[in-house]
Amino acid sequence: MLRERLREILRGTSAEDLLEPLEELLVRLIERFNPVRIIISGSLARRRFVRGLSDIDILVIVNYDIPRDVRFELATVEDVDVEITVISRGELERALREGRMFYVDAVKYGVEVYSGGQPLRE
């Protein structure tokens, strides 16, 4: 499922060659955080990814509180920067109610690549 979702997202973009390393990163995130949901958002989800200009945005949603020093991470997949945001389900629902655009955009336009839990309320 994960590989197929990634293949769909990457198909036709300049990031098609990132399938395996991006999948490896996501598997590590799943093992590390045991998330209820992982969403790829931003330019890649909107099919506007431009190699050399765009980064990959990953939102990891968990069912427990996340310490502040773990919430935001940077990684690299080949030559592409990856911004990883980890947030608790409750905190995300609060951010959506408050209209915080990064989260609203991720939930509304992002592509779910992993689901280990129940759907979020939007």
All conditions in (1) assigned to a strand (DSSP E or B); (2) more than 16 Å from residue 88 (Cα to Cα) are true of residue 28 except (1)
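Does at least one position in region 44-55 carry a residue that is crowded, with 20+ Cβ neighbours inside 10 Å, in contact (Cβ under 8 Å) with a residue 24 or more places away in the chain and within 12 Å of the chain's Cα centre (by Cα)? Walk me through how you get there before you give the answer.
Quick first cut of region 44-55, residues crowded, with 20+ Cβ neighbours inside 10 Å only: 44-45, 49.
Filter again for in contact (Cβ under 8 Å) with a residue 24 or more places away in the chain, leaving 44-45, 49.
After this cut, where a residue has to be within 12 Å of the chain's Cα centre (by Cα) as well, the list is 44-45.
Yes.
Return a yes/no flag: does region 60-80 have any residue that is in contact (Cβ under 8 Å) with a residue 60 or more places away in the chain, surrounded by 15 or more Cβ atoms within 10 Å (Cβ to Cβ), outside any loop (DSSP other than H, G, I, E, B) and on the phi < 0 side of the Ramachandran plot. Explain how you work it out, then say what you get.
Just the residues of region 60-80 that are in contact (Cβ under 8 Å) with a residue 60 or more places away in the chain, to begin with: 78, 80.
When the remaining residues are screened for being surrounded by 15 or more Cβ atoms within 10 Å (Cβ to Cβ), the result is 80.
From what's left, outside any loop (DSSP other than H, G, I, E, B): 80.
Remaining after also requiring on the phi < 0 side of the Ramachandran plot: 80.
Looking through region 60-80, at least one residue is in contact (Cβ under 8 Å) with a residue 60 or more places away in the chain, surrounded by 15 or more Cβ atoms within 10 Å (Cβ to Cβ), outside any loop (DSSP other than H, G, I, E, B) and on the phi < 0 side of the Ramachandran plot.
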Open item on the list: Taking the criterion of being basic (Lys, Arg) and surrounded by 16 or more Cβ atoms within 10 Å (Cβ to Cβ), would at least one residue in region 1-10 satisfy it?
Closed with: yes
Contact list, first residue from region 17-32 and at positive phi and among the polar types (S, T, N, Q), second anywhere and surrounded by fewer than 16 Cβ atoms within 10 Å (Cβ to Cβ) and modelled with pLDDT under 95, beta-carbon distance below 6 Å, six or more apart or interchain, is none
Only unsatisfied item for residue 38, checking (1) modelled with pLDDT of 95 or more; (2) assigned to a loop (DSSP other than H, G, I, E, B), is (2)
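The values are calculated or read from the model by the stated rules, or taken from the named source; none is laboratory data. For clarity, every value in this text was computed on a predicted model and none was experimentally measured. Positions of Cβ are backbone-derived with ideal geometry, glycine not excepted, and every protein chain shown enters the neighbour counts.
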